[in-house]
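Presented below is the structure to which this report refers.
Nothing in this text is a laboratory measurement; each read-out follows from the coordinates by a stated rule. Just so you know, these numbers come straight off a predicted model, no measurement behind them. Glycine gets a Cβ as well: all are built from the backbone with ideal geometry, and neighbour counts include every protein chain shown.
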Amino acid sequence: MFQIFHYSFIVRGLEAGLLLAAIAPLVGIFLVLRRYSLIADTLSHVSLAGVALGLLFGINPLFTAVGASVLSSVAIEKLRLSKKIYGETALSIFLSSSLAFAIVLIGLAHGLNANLFSYLFGSILTVRPIDVYVMVVLSAIIVILLLIFYKELVFISFDEEAARVSGLHVGVFNLLFIIIAAVTIALSIQIIGILLISAMLVLPVVTALQFRKSFKTTLLCAEAISLSSVLFGIVASFYLNVSSGGLIVLIMLAVFIAVYFLKKQKSGLIGW
């Protein structure tokens, strides 16, 4: 089994995957508590346009995906704050327009479809050494920011109005958080895939919430689920020769289903 670690692309995939597995629940728990899950889908489609742009012009797709995702997240937040467009409407506009833009870019480039497929569903083969270095730096920045502003983000997630009344600059923290979420989503495309990113952010957190524990305990449970799912998913995808992203999400889904029904059975709500 350990022979697979002799392959450099497997090692890079694991390094990148475990980094993402560690930061995904940190961001995902705030997305779930704020009911912002749709943002993950929207920004993942924006990242698709960024990837297509990068592949078309020969730029590292990771850079263009991060750039497109961050710029769009700021625009979405500005539109939401303007109150001229409802939040869900802004998300819908960006989701559909970025998808249309990506389709046009794909049509303009010959041979782009094959390269883009791995970004849609995730593939450890697309991870290059420079990508790992970029992920390490950006992941470290994300973790540091979340640690520094942990109390403020938790306060806003549970009661935004009370946070605003207490004097917190809610708008600034919301903008900071959506940028963090945008970077996390863009970083995840190579391992999980654009179409499956929201599942990685949400599933471990939703599974951990079934235990109904404290915020910190829930976060630790989500971390354990995320890390183990990514580890087993990447290793199993090598032997089964399937998409790493799809397998990781299926493992997370299986864990969620198992925990959900075990908790219901334990509480006596299921009667066969």
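Miscellaneous remarks
- Extreme residue, positive dipole direction of the chain, given options 156, 214, 30 (C-beta unit charges): 214
- Inter-label distance, nm, simple model (7 Å from Cα along the C-beta direction), residue 168/residue 137: 3.1 nm
- Modelled FRET efficiency - R0 35 Å, residue 262 with residue 89, Cβ distances, 0.05 increments: 0.35
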